[in-house]
């Protein structure tokens with residue numbers, strides 16, 4: 001019977017090849033160019049942009065001795081962030097860091113994916129908002145672009161609880177955007193702080209309890225394509241404690257065929273002040289997604305003819321997944337002395353996962369995952385050479401245990417067992433960070449970390465001999481940075497940092513050879529980053545401009561095999577470099593109006609990469625647009641009327657390493673309108689929104705190096721959503 005299924009599978013693959021032969025190459029077919037011409041062009045353009053930005057910043061700087069032209073200036077409240085492991089003012093950090101707080105308009109988004117909170121951040125690119133079987137893809141300066149699902153190369157923490165596993169992968173499905181109070185995005189390598197997979201860092205704080213005894217906030221959202229989400233948030237505060245309980249249910253049929261999904265989430269957060277100098281936080285989150293169907297990628301021709309269709313193989317094999325996850329985290333903080341603080345974080349996670357891929361052999365995967373971790377950190381503020389100094393020292397420990405099995409996928413029905421193994425990862429990372437105020441105008445930051453990771457696979461199947469194996473990787477990472485305060489509201493900063501990105505267990509066990517165990521040819525990726533930036537808050541405005549250069553060795557990139565479409569394998573590609581510019585300007589509020597605009601320039605290319613005897617040196621990174629613009633215009637009136645217009649322009653980018661197929665540029669817009677009314681302790685609001693305002697035909701996701709040219713997952717056309725929100729507070 002197994003032979004019959006395999007023969008059927010081969011017939012399906014031949015049909016797909018026939019479809020592929022009828023696909024005409026896109027007009028944008030790129031011919032090879034001499035490497036020095038490409039490099040000179042990219043450097044020249046980046047230099048022009050950087051000089052322009054520097055000139056703009058210098059023009060805006062008032063001389064220290066010069067008196068301001070206006071008698072009064074709007075001075076923004078200093079922004080404090082915790083993404084660098086302790087509370088610090090943003091002006092004292094020598095890194096590109098974006099702080100995002102919840103504004104009125106964010107209360108009225110659909111509440112589906114995290115990008116709703118952070119679309120305007122320069123240097124950060126989101127894809128795959130509509131395929132919940134693959135999860136949202138986040139890229140920071142090119143880190144994370146290789147992932148076919150979930151998040152890679154980026155550390156994510158929620159209320160100080162790590163969401164990134166010891167092997168470096170992160171799933172975002174259990175993080176509801178409606179829960180977010182603020183988000184800090186550290187753009188660029190931060191391995192000296194967080195270790196493996198720290199090409200960027202996202203630090204999320206969930207909604208805090210109000211300063212009332214009790215508050216209840218239900219919200220209901222409706223939308224096209226069967227979108228329906230219900231939320232309720234109950235919170236309150238006592239003399240020595242506060243709490244928050246959140247629940248949500250989300251379901252939608254989806255615009256594309258075979259993209260139906262449903263999930264439920266519950267989160268409970270409790271803060272207790274045990275003494276005047278100590279406190280505890282308890283965080284529990286339960287997530288259940290009984291179904292998330294995967295419509296799959298389409299060829300260029302298929303996407304043009306019928307963008308709503310699902311890939312034939314995904315329909316035939318009922319591709320999709322089901323997930324159940326629970327996480328418990330505890331944080332303890334104690335002020336040992338006025339200038340000394342001890343923090344301890346412990347967490348445990350359980351995830352039960354099942355999926356179906358669009359092929360027979362090993363096409364159904366299930367694993368039972370347990371993850372645990374413990375972090376300890378000590379912060380000491382003191383005087384060093386008569387100057388203020390902060391010294392941070394700590395250690396992170398994590399352990400991950402996956403009991404993984406693969407079965408044949410007999411057209412959606414589970415077949416015979418083809419793989420049975422236990423995958424275990426342990427990580428240890430001691431670190432330190434020193435922040436010294438060298439002079440009144442100059443801050444110096446030094447940091448370092450050593451990471452040790454041990455991978456182990458225990459083969460319980462052994463039908464093709466014992467594939468048990470183990471690997472150990474270790475790396476030292478460091479950073480040095482300077483912040484110079486040109487004026488009270490302007491800073492220039494620079495830093496040099498290294499990053500260490502080890503393969504995840506999924507990347508290691510997906511062996512192109514077809515056997516169990518680890519891929520013996522896959523190694524860790526290392527990078528060295530340099531950046532210089534300006535930022536300031538003159539007259540209530542906010543601006544930032546940063547230029548960076550990252551050189552990477554053993555860049556990890558994905559590819560697919562014709563025999564396993566939908567399953568990604570991974571390879572090292574030699575060397576690469578990233579050259580980029582990120583800018584952002586935000587206005588103060590004026591008569592209820594406020595706005596911001598951000599631009600990102602990304603010139604990323606391979607410097608050494610041989611693929612099937614073809615030299616890809618000088619080829620651009622797939623999946624990353626060279627140009628991206630995002631703009632917001634917000635309005636809020638005293639009568640309760642509010643609105644927001646958001647527009648983004650995504651430039652074209654390649655979808656394969658050989659740079660022969662391009663994803664066309666596109667423009668997206670969202671219009672949000674609503675009315676809010678308050679009466680004593682009750683607040684009610686109605687809102688209405690339009691997504692894809694310009695009705696653009698575009699691809700919401702691209703599958704890098706996909707087999708059979710199935711690169712594209714089209715996004716929905718213009719569509720509307722709306723809802724109701726009520727807030728009831730006790731007196």
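The values are calculated or read from the model by the stated rules, or taken from the named source; none is laboratory data. None of these values were measured; they are calculated from a predicted model. In this analysis, Cβ positions are derived from the backbone assuming ideal geometry, glycine residues included, and neighbour counts consider all displayed protein chains.
Out of everything in the range 529-566 that is surrounded by 22 or more Cβ atoms within 10 Å (Cβ to Cβ) and assigned to a loop (DSSP other than H, G, I, E, B), what residue ends up being modelled with the lowest pLDDT? Ranking the candidates gives 566 first. Taken over the range 457-470, the criterion of being surrounded by fewer than 17 Cβ atoms within 10 Å (Cβ to Cβ) and in a strand (DSSP E or B) is satisfied by 458, 463, 465, 470. Each residue in the range 57-105 was checked for being in a helix (DSSP H, G or I) and at pLDDT 90 or above, and 3 pass. Among the residues of the range 188-202, is there at least one that is assigned to a strand (DSSP E or B) and out of contact with any strand residue (DSSP E or B) (no Cβ under 6 Å at 6 or more places or on another chain)? No. Out of all the residues in the range 286-341, which are over 17 Å from residue 703 (Cα atoms) and in contact with a helix residue (DSSP H, G or I) (Cβ under 7 Å, 6 or more places away or on another chain)? Residue satisfying the conditions is 316 alone. Within the bounds of the range 225-244, is there any residue that is at pLDDT 95 or above, assigned to a loop (DSSP other than H, G, I, E, B) and touching a helix residue (DSSP H, G or I) at 6+ places or on another chain (Cβ under 7 Å)? Within the range 225-244 (the criterion being at pLDDT 95 or above, assigned to a loop (DSSP other than H, G, I, E, B) and touching a helix residue (DSSP H, G or I) at 6+ places or on another chain (Cβ under 7 Å)), the answer is no, since none of the residues qualifies. Tallying residues that are surrounded by fewer than 19 Cβ atoms within 10 Å (Cβ to Cβ) and in a strand (DSSP E or B) within the range 578-606 yields 8. Among the residues here, residue 323 qualifies as closer than 25 Å to residue 265 by Cα, buried (at least 19 other Cβ atoms within 10 Å of the Cβ) and in contact (Cβ under 8 Å) with a residue 12 or more places away in the chain.
Within the range 114-133, restricting attention to residues that are in a loop (DSSP other than H, G, I, E, B) and surrounded by fewer than 21 Cβ atoms within 10 Å (Cβ to Cβ), the residue that is farthest from the chain's Cα centre (by Cα) is 120.
Comparison of 371, 360 shows that the only residue that is touching a helix residue (DSSP H, G or I) at 6+ places or on another chain (Cβ under 6 Å) and either surrounded by 18 or more Cβ atoms within 10 Å (Cβ to Cβ) or assigned to a strand (DSSP E or B) (or both) is 360. Pairing each residue of the range 570-589 that is on the phi > 0 side of the Ramachandran plot and at pLDDT below 95 with any residue that is buried (at least 22 other Cβ atoms within 10 Å of the Cβ) and part of a strand (DSSP E or B), provided the two are 6+ apart or on different chains, yields C-beta distances under 9 Å for 574/606. Test residue 661 against the stated conditions and say whether it is farther than 19 Å from residue 701 by Cα and touching a helix residue (DSSP H, G or I) at 6+ places or on another chain (Cβ under 9 Å). Answer is no for this residue.
Return yes or no: is residue 379 assigned to a strand (DSSP E or B), surrounded by 19 or more Cβ atoms within 10 Å (Cβ to Cβ) and modelled with pLDDT of 95 or more? Yes; evaluated as a whole, the condition is true for this residue.
Take residue 695 and tell me if it is part of a loop (DSSP other than H, G, I, E, B), surrounded by 16 or more Cβ atoms within 10 Å (Cβ to Cβ) and more than 21 Å from the chain's Cα centre (by Cα).
no
Of all the criteria given as (1) in a loop (DSSP other than H, G, I, E, B); (2) farther than 24 Å from residue 631 by Cβ, the one not satisfied by residue 155 is (1).
Being under 28 Å from residue 672 (Cα atoms) and either part of a strand (DSSP E or B) or touching a residue at least 40 places away in the same chain (Cβ under 8 Å) (or both) is the filter here; which residues of the range 134-152 pass it?
Scanning the range 134-152 gives 134, 137, 138, 139, 140.
Summed over the range 274-301, residues that are within 30 Å of residue 339 (Cβ to Cβ) and either assigned to a strand (DSSP E or B) or touching a strand residue (DSSP E or B) at 6+ places or on another chain (Cβ under 6 Å) (or both) total 9. I'd like to check something: does the range 479-491 contain any residue that is crowded, with 17+ Cβ neighbours inside 10 Å, more than 30 Å from residue 364 (Cβ to Cβ) and at pLDDT below 90? No; the residues of the range 479-491 include none that is crowded, with 17+ Cβ neighbours inside 10 Å, more than 30 Å from residue 364 (Cβ to Cβ) and at pLDDT below 90.
Quick grid of which residues meet (1) buried (at least 16 other Cβ atoms within 10 Å of the Cβ); (2) over 29 Å from residue 683 (Cα atoms):
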position: 184; (1), (2): yes, no
position: 208; (1), (2): no, no
position: 217; (1), (2): yes, no
position: 236; (1), (2): yes, no
position: 239; (1), (2): no, no
position: 242; (1), (2): yes, no
position: 249; (1), (2): no, no
position: 261; (1), (2): yes, yes
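If we scan the range 290-297, do we find a residue that is buried (at least 16 other Cβ atoms within 10 Å of the Cβ) and under 24 Å from residue 157 (Cα atoms)? Checking the range 290-297: not a single residue is buried (at least 16 other Cβ atoms within 10 Å of the Cβ) and under 24 Å from residue 157 (Cα atoms). Tell me whether the range 652-662 contains one or more residues that are more than 19 Å from residue 219 (Cβ to Cβ) and free of Cβ contacts under 8 Å to residues at least 12 places away in the same chain. Looking for residues that are more than 19 Å from residue 219 (Cβ to Cβ) and free of Cβ contacts under 8 Å to residues at least 12 places away in the same chain, one finds none in the range 652-662, hence no. Just checking, does the range 248-263 include any residue being in contact with a helix residue (DSSP H, G or I) (Cβ under 9 Å, 6 or more places away or on another chain), more than 30 Å from residue 391 (Cβ to Cβ), outside any loop (DSSP other than H, G, I, E, B) and modelled with pLDDT of 95 or more? Scanning the range 248-263, I find at least one residue that is in contact with a helix residue (DSSP H, G or I) (Cβ under 9 Å, 6 or more places away or on another chain), more than 30 Å from residue 391 (Cβ to Cβ), outside any loop (DSSP other than H, G, I, E, B) and modelled with pLDDT of 95 or more, so the answer is yes.
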